[in-house]
Structures are given as structure tokens and as C-alpha cells.
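Just below is one structure, and these are the notes that go with it.
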Amino acid sequence: MLLPSVAEQALMAHHEAVLRGYGLTMTQYTVLLALSRGDGRSGAQLARACGASQQSMATVLNGMQAKDLITRTAPEAHAKVMLATLTDTGRALLDRAYREVIALERAPTDRFGPEEHRQFCEFLDRATATLVEQIPTPPTR
């Protein structure tokens, strides 16, 4: 399946170029998205959401805090855990970048007619369902 891989690489390259214009990496953008869906996430939670190690996420979060995109505070109940939240600056940057990313993601299917778009979505749904079915389940003890 070479074509989907090439399409994915092209889309990722476009995402990275768009995000670079906003001074963001893909990981930083993913952190902003995750926090926009629910503030107050730990570095470990964000690392899982981004597919990153906790060590690399700590570096990412330090950089984002230095840019005033996020704040991190320790809740009273867990003084060792730092929870990240979006700042107004981070939310505004995400809003601008998101509009451009969404336009980029919609561009390929804008060239389809209504029937082609319906079929394309059907094919993607089937392919996704097949991939989900293939996810190995951990053995039970």
C-alpha cells in the first residue's frame, strides 16, 4: 500500500510547514489540541496523547510554558504532579493554526464530487474498521 503512505507523508509535510509558520511543532500542536478538549492534564497524559515519552514531553512543555502557551500548576492533592492548562495566548495561537490546518485537510476532498466524496468516506470507514479490528488485545491473566 504505497499510495496511502505517500499521501500520509505529503499531508504530514504540509502540516509541519503550516505549523512551522506559527512557530509550532506537530507535538506542540497536538498538546494544544489535547488541552483545548480539557485543561488540567499531566505531562504523562499528554505524552500518551501525543505518542511521546514522558521525558521528551517534559522538554516540550517547558518550551511551551516559556512561550506563554501553557501554564503548569500543582494541584493541592498531588503536589508532585503538574497540570498543564492553555493560556489565552496558547488558545489564540491554536485557533489560528487550527483554521489553516483544517483548510489544508479539506483541500484534497474538495476536488471530489458528491458521489466520489461519499464513496471515499465509505472506503476510509471500511479501512479504519479493518485497522481497528487488527489492534492486538493484551492477553488476560
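Read-outs throughout are calculated quantities, based only on the coordinates presented, and are distinct from any laboratory measurement. Predicted model, so just to flag it, every value in this text is computed and none were measured. Quick reminder, even Gly has a Cβ in these numbers, built from the backbone with ideal geometry, and neighbours come from all protein chains shown.
For segment 29-47, enumerate the residues that are assigned to a helix (DSSP H, G or I) and surrounded by 14 or more Cβ atoms within 10 Å (Cβ to Cβ).
Tyr29, Thr30, Val31, Leu32, Leu33, Ala34, Leu35, Ser36, Gly43, Gln45, Leu46, Ala47
Between Ala47, Ala10, Ala52, which is closer than 30 Å to Phe120 by Cα and either among the aliphatic types (A, V, I, L, M) or in contact with a Gly (Cβ under 9 Å, 6 or more places away or on another chain) (or both)?
That would be Ala10, the only listed residue that is closer than 30 Å to Phe120 by Cα and either among the aliphatic types (A, V, I, L, M) or in contact with a Gly (Cβ under 9 Å, 6 or more places away or on another chain) (or both).
What pairs come up if the first residue lies in segment 52-76 and is under 13 Å from Leu86 (Cα atoms), the second is among the basic types (Lys, Arg) and outside any helix (DSSP H, G or I), and their beta carbons are under 8 Å apart, counting only those six or more places apart or on different chains?
Leu61/Arg72; Gln65/Arg72
Only one of (1) over 18 Å from the mean Cα position of the chain (by Cα); (2) surrounded by fewer than 12 Cβ atoms within 10 Å (Cβ to Cβ) is not met by Arg99, so which one is it?
Exception for Arg99: condition (1).
Search segment 13-31 for residues that are over 14 Å from Glu100 (Cβ atoms) and pair each with any residue that is part of a loop (DSSP other than H, G, I, E, B) when their beta-carbon atoms are under 7 Å apart and the residues are at least 6 apart or on different chains.
Thr27/Ala52
Are any of the residues in segment 74-91 of a type outside the set (D, E, K, R) and part of a helix (DSSP H, G or I)?
For segment 74-91, residues of a type outside the set (D, E, K, R) and part of a helix (DSSP H, G or I): present.
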